[in-house]
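Student: So that we are looking at the same thing, I have put the structure below in structure tokens.
The values are calculated or read from the model by the stated rules, or taken from the named source; none is laboratory data. Because the structure is a prediction, the values reported are computed rather than measured. Note that each Cβ is placed from the backbone with ideal geometry, even for glycine, and that neighbours are counted across all protein chains shown.
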2 protein chains.
Amino acid sequence: MSKTKKICAVIMAGGKGERFWPKSRSSCPKQFLSLTSDGETMIQKTVRRLSPLVKPEDVFIVTNAAYTELVLDQLPDIPRENILAEPCARNTAPCIAFAASVIKRRDEDAIMLVLPSDHLIGYEDIYISTLKKAIKAADSGNNLITIGITPTYPETGYGYINFGAESGDVYEVERFVEKPDLKTAKSYLSSGKYLWNSGMFVWRVSTILAEMERFMPDIYAGAERIGQAWNTPEFTDVLVKEFYAFRSESVDFGIMEKADSIFTIPGSFGWDDVGSWLAVERINETDIDGNYLSGDVISIGSKHTTVCGRDKLIAAVGLEDIIIVDTDDALMVCSKKNTQDVKKVIAELRERRREELI
Amino acid sequence: MSKTKKICAVIMAGGKGERFWPKSRSSCPKQFLSLTSDGETMIQKTVRRLSPLVKPEDVFIVTNAAYTELVLDQLPDIPRENILAEPCARNTAPCIAFAASVIKRRDEDAIMLVLPSDHLIGYEDIYISTLKKAIKAADSGNNLITIGITPTYPETGYGYINFGAESGDVYEVERFVEKPDLKTAKSYLSSGKYLWNSGMFVWRVSTILAEMERFMPDIYAGAERIGQAWNTPEFTDVLVKEFYAFRSESVDFGIMEKADSIFTIPGSFGWDDVGSWLAVERINETDIDGNYLSGDVISIGSKHTTVCGRDKLIAAVGLEDIIIVDTDDALMVCSKKNTQDVKKVIAELRERRREELI
């Protein structure tokens, strides 16, 4: 790995994060929220933890155009031109193609890290060390590296990576598999040959663009036209036109499941995708009764209960496995076994034309 | 019963109603709240349902001095001089003695109904008819009549009245018994000889004063001095001095358990003491899932849940047997099995010197 090669990080920050309603709203989704007691937002954490490896001027944030100001507010060190504003959501393949075509104009030899904006990492030194190994492997050839997470339990909500032969610090990827049922997930764990698919990727800009040209020439061509218009007066027009024309496609399905030279590196750095309100007690300290109580809260005999309050007093009396989230204009009280139903609340609000609460 | 005899109602409205926190506060206890969807407060209901029997000028409200304005606001037809403002709480015996000594100055032949201010009655016609029978029995001699409630289940939270021989519309009272355990309560029900003690009484003013003079001469004497000062410039001074000097005593213990000529009349008029937040689903209509949802509420799969909200949206997701009460400055989420612990919240608030929330 050449010491002088530029490393760029592409932070994917276009998600809606509906599962964190009512704290997340369409105007401020999960990646822009702080879900930990330190007050740092998810995207701020994501950028900060990369700082040993990537300079702010080499961090690119791909997000919906509506969130540009939010990104500038929360990440004042990132240059405005590094905020890649998608006119509409088209999943990860167009997002990454857009970023790659822009980065290519800056430095066609750059190494590109592609990272979600709304995950948590407990062990940041190990994370950086893992990324360094991935960078080295990505730079040693036309390789696509995906960071796998060594599973700690048979989660059925994630996709898995089946890996094969070792090759230096990385392993050849045999195949990607969709979310398994519990029995299958258990068999994956006991096989010792499966990792969680974290959605973090490392590759040369030139490599991913070549793979895109091969496996999704339409998206590649649109992204190239966007890249050609970069820094010209036509840029916005071209961006809007091309983006709306993109089909929705994930990089996993569009590239990773088809390309050769896919490798994975097992990561064990306390990764948490913070997938629902259930995560809050996992990623924060809890009291002796297993409660996470934030805000002005009195618990009388409550257990394993999460309260995300504010200034207003919240009394939690005799509760067990309940999640309470209070905001200025909406309060949610949810059983822990029903956190996925938060999306149904949003659907119901949409039905009732209560967009101001979504 | 003389048709011309004056009937006065004494509404006892000095309670603190802490079990309805956070809606009830020391500045506005339960009797001044509406807990039904019609918006009428408990004390408004109490006075309105008496209207076929008692004129507003014959209704007396005994309450803490702090609530005088609240009473005037909620009951504009009651003359200000009928609001008997206790300087401090001394339980029901001094309260009733105070009222009796004032009423005696208006009409010493009056019949006096003593009624709680914070109970609900489902069948108001039957209630009035029961009171009429009680009035008749009270006026037929120096009798103390207590309204019993025919039990509908073995409640362990009420005192019971053991009755004996029938005498016209009423029954002789054998004894009053304290809150029983479940086994005892069941035996009371199967005996067919026990009624719930509702705390409603009917007697001549002259009769109760005579019994007080006999069984609690100190309280009687203090109340007489208050009555003598009624409508004089010294009244407030005398009232304050005498009230603070009163010992706390209940009329049940001080008179009813000791006097002769105690009778009860069984009432079956849909009585509910509205003793805790649990009552709200009982006294209101519920939806098909057994929920009582008031305010701007979305339920996603919740059952047997009570939500008392306001303008702010409340989403109740996957809850079962949960009570949510939202107010401007405090929110309570409580398991139905822990409604009695609401008092512990108040104790904790007192401990933390958060009097503004009590």
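Student: I'd like the full set of residues that are of a type outside the set (Ser, Thr, Tyr) and within 20 Å of A:Ile103 (Cα to Cα), limited to region A:65-75. Reasoning before the result, please.
Tutor: Narrowing region A:65-75 to residues of a type outside the set (Ser, Thr, Tyr): A:65-66, A:69-75.
The answer is A:Ala65, A:Val71, A:Leu72, A:Leu75.
Student: Related question: Suppose we filter region B:92-121 for residues that are closer than 18 Å to B:Ala245 by Cα and at pLDDT below 95; how many remain?
Tutor: 0
Student: With respect to A:Lys23, is the statement that it is part of a loop (DSSP other than H, G, I, E, B), touching a residue at least 24 places away in the same chain (Cβ under 8 Å), within 14 Å of chain B (Cβ to nearest Cβ) and touching a helix residue (DSSP H, G or I) at 6+ places or on another chain (Cβ under 9 Å) true?
Tutor: Against the criterion (part of a loop (DSSP other than H, G, I, E, B), touching a residue at least 24 places away in the same chain (Cβ under 8 Å), within 14 Å of chain B (Cβ to nearest Cβ) and touching a helix residue (DSSP H, G or I) at 6+ places or on another chain (Cβ under 9 Å)), A:Lys23 qualifies.
Student: Same structure, new question: Which one of these does B:Lys343 not meet: (1) touching a Phe, Trp or Tyr at 6+ places or on another chain (Cβ under 9 Å); (2) facing chain A (nearest Cβ under 7 Å)?
Tutor: (2)
Student: Name the residues in region A:336-354 that are acidic (Asp, Glu) and either under 15 Å from A:Pro29 (Cβ atoms) or surrounded by 13 or more Cβ atoms within 10 Å (Cβ to Cβ) (or both), would you? Please lay out each step first, then the result.
Tutor: From region A:336-354, those acidic (Asp, Glu) are A:341, A:348, A:351; that's our starting set.
Once the filter is applied, which keeps residues that are acidic (Asp, Glu) and either under 15 Å from A:Pro29 (Cβ atoms) or surrounded by 13 or more Cβ atoms within 10 Å (Cβ to Cβ) (or both), region A:336-354 yields A:Asp341, A:Glu348.
Student: From (1) more than 30 Å from A:Phe215 (Cβ to Cβ); (2) out of contact with any helix residue (DSSP H, G or I) (no Cβ under 6 Å at 6 or more places or on another chain); (3) not aromatic (Phe, Trp, Tyr), pick out the condition that doesn't hold for A:Thr264.
Tutor: Unmet condition: (1).
Student: With the checklist (1) over 24 Å from A:Leu120 (Cα atoms); (2) in the same structural domain as A:Ile145 (by TED's automatic domain parsing); (3) surrounded by 21 or more Cβ atoms within 10 Å (Cβ to Cβ) in hand, flag the one item A:Gly267 doesn't pass.
Tutor: (1)
Student: Can you pull out every residue in region B:245-257 that is over 19 Å from B:Gly222 (Cβ atoms) and not acidic (Asp, Glu)? Step through it out loud before you land on a result.
Tutor: So in region B:245-257, the residues over 19 Å from B:Gly222 (Cβ atoms) come out as B:252, B:256-257.
Selection gives B:Met256 alone.
Student: With over 18 Å from A:Trp203 (Cα atoms), hydrophobic (A, V, I, L, M, F, W, C) and free of Cβ contacts under 8 Å to residues at least 12 places away in the same chain as the only criterion, which of A:Leu72, A:Leu84 stands out?
Tutor: A:Leu72
Student: Let me ask something additional. So which helices (runs of 4 or more DSSP H) stay within region B:41-158 end to end and still have 3 or more residues that are in contact with a Gly (Cβ under 9 Å, 6 or more places away or on another chain) and surrounded by 20 or more Cβ atoms within 10 Å (Cβ to Cβ)?
Tutor: Those helices (runs of 4 or more DSSP H) span B:92-106, B:124-139.
Student: Could you go through region A:203-213 and let me know if any residue there is of a type outside the set (A, V, I, L, M), under 24 Å from A:Phe269 (Cα atoms) and part of a strand (DSSP E or B).
Tutor: Let us first name the residues in region A:203-213 that are of a type outside the set (A, V, I, L, M), namely A:203-204, A:206-207, A:211, A:213.
Next cut, under 24 Å from A:Phe269 (Cα atoms) only: A:203-204.
If we keep only those that are part of a strand (DSSP E or B) too, we end up with A:203-204.
Looking for residues that are of a type outside the set (A, V, I, L, M), under 24 Å from A:Phe269 (Cα atoms) and part of a strand (DSSP E or B), one finds at least one in region A:203-213, hence yes.
Student: Which members of region A:237-263 meet the condition of being more than 16 Å from A:Ala85 (Cα to Cα) and part of a helix (DSSP H, G or I)? I'd like the intermediate steps shown before the answer.
Tutor: Residues of region A:237-263 more than 16 Å from A:Ala85 (Cα to Cα): A:247-263.
A:Val251, A:Asp252, A:Phe253, A:Gly254, A:Ile255, A:Met256 - these are the residues of region A:237-263 that are more than 16 Å from A:Ala85 (Cα to Cα) and part of a helix (DSSP H, G or I).
Student: Also: Being more than 7 Å from chain A (Cβ to nearest Cβ), in contact with a helix residue (DSSP H, G or I) (Cβ under 8 Å, 6 or more places away or on another chain) and either of a type in the set (A, V, I, L, M, F, W, C) or without any contact (Cβ under 8 Å) to a residue 24 or more places away in the chain (or both) is the filter here, so list the residues in region B:301-313 that pass it. I'd like the intermediate steps shown before the answer.
Tutor: If we filter region B:301-313 for residues that are more than 7 Å from chain A (Cβ to nearest Cβ), which is where we start, we get B:302-311.
Filter again for in contact with a helix residue (DSSP H, G or I) (Cβ under 8 Å, 6 or more places away or on another chain), leaving B:304, B:306, B:308.
Hit for region B:301-313 is B:Cys308, nothing else.
Student: Any idea which residue in region B:346-358 is nearest to the other protein chains (Cβ to nearest Cβ), counting only those that are assigned to a helix (DSSP H, G or I) and among the hydrophobic types (A, V, I, L, M, F, W, C)?
Tutor: Just the residues of region B:346-358 that are assigned to a helix (DSSP H, G or I), to begin with: B:346-351, B:355-357.
Still in the list and also among the hydrophobic types (A, V, I, L, M, F, W, C): B:346-347, B:349, B:357.
On the way: B:Ile346: 9, B:Ala347: 9, B:Leu349: 7, B:Leu357: 6 Å.
That would be B:Leu357.
Student: Can you confirm whether region A:289-300 contains a residue that is surrounded by fewer than 24 Cβ atoms within 10 Å (Cβ to Cβ), closer than 15 Å to B:Leu313 by Cα and facing chain B (nearest Cβ under 8 Å)?
Tutor: no
Student: Out of region B:314-335, which residues are within 18 Å of A:Asp311 (Cα to Cα), at the interface with chain A (Cβ under 7 Å from one of its Cβ atoms) and surrounded by fewer than 23 Cβ atoms within 10 Å (Cβ to Cβ)?
Tutor: Hit for region B:314-335 is B:Asp329, nothing else.
Student: Among the residues of region B:241-249, is any under 29 Å from B:Val173 (Cα atoms), out of contact with any helix residue (DSSP H, G or I) (no Cβ under 6 Å at 6 or more places or on another chain) and modelled with pLDDT of 95 or more? Walk me through it before giving the result.
Tutor: Quick first cut of region B:241-249, residues under 29 Å from B:Val173 (Cα atoms) only: B:246-249.
Narrowing the set further to residues that are out of contact with any helix residue (DSSP H, G or I) (no Cβ under 6 Å at 6 or more places or on another chain) leaves B:247-248.
So of that shortlist, the ones also modelled with pLDDT of 95 or more come out as B:247-248.
Checking region B:241-249: at least one residue is under 29 Å from B:Val173 (Cα atoms), out of contact with any helix residue (DSSP H, G or I) (no Cβ under 6 Å at 6 or more places or on another chain) and modelled with pLDDT of 95 or more.
Student: Are any of the residues in region A:2-10 under 13 Å from the mean Cα position of the chain (by Cα), in a strand (DSSP E or B) and more than 28 Å from A:Asp287 (Cβ to Cβ)? Lay out the reasoning, then the answer.
Tutor: Within region A:2-10, the subset under 13 Å from the mean Cα position of the chain (by Cα) is A:9-10.
This time we only want the ones that are in a strand (DSSP E or B), so: A:9-10.
Imposing the further condition that a residue be more than 28 Å from A:Asp287 (Cβ to Cβ) reduces the set to A:9-10.
So far as region A:2-10 goes, yes, one or more of its residues are under 13 Å from the mean Cα position of the chain (by Cα), in a strand (DSSP E or B) and more than 28 Å from A:Asp287 (Cβ to Cβ).
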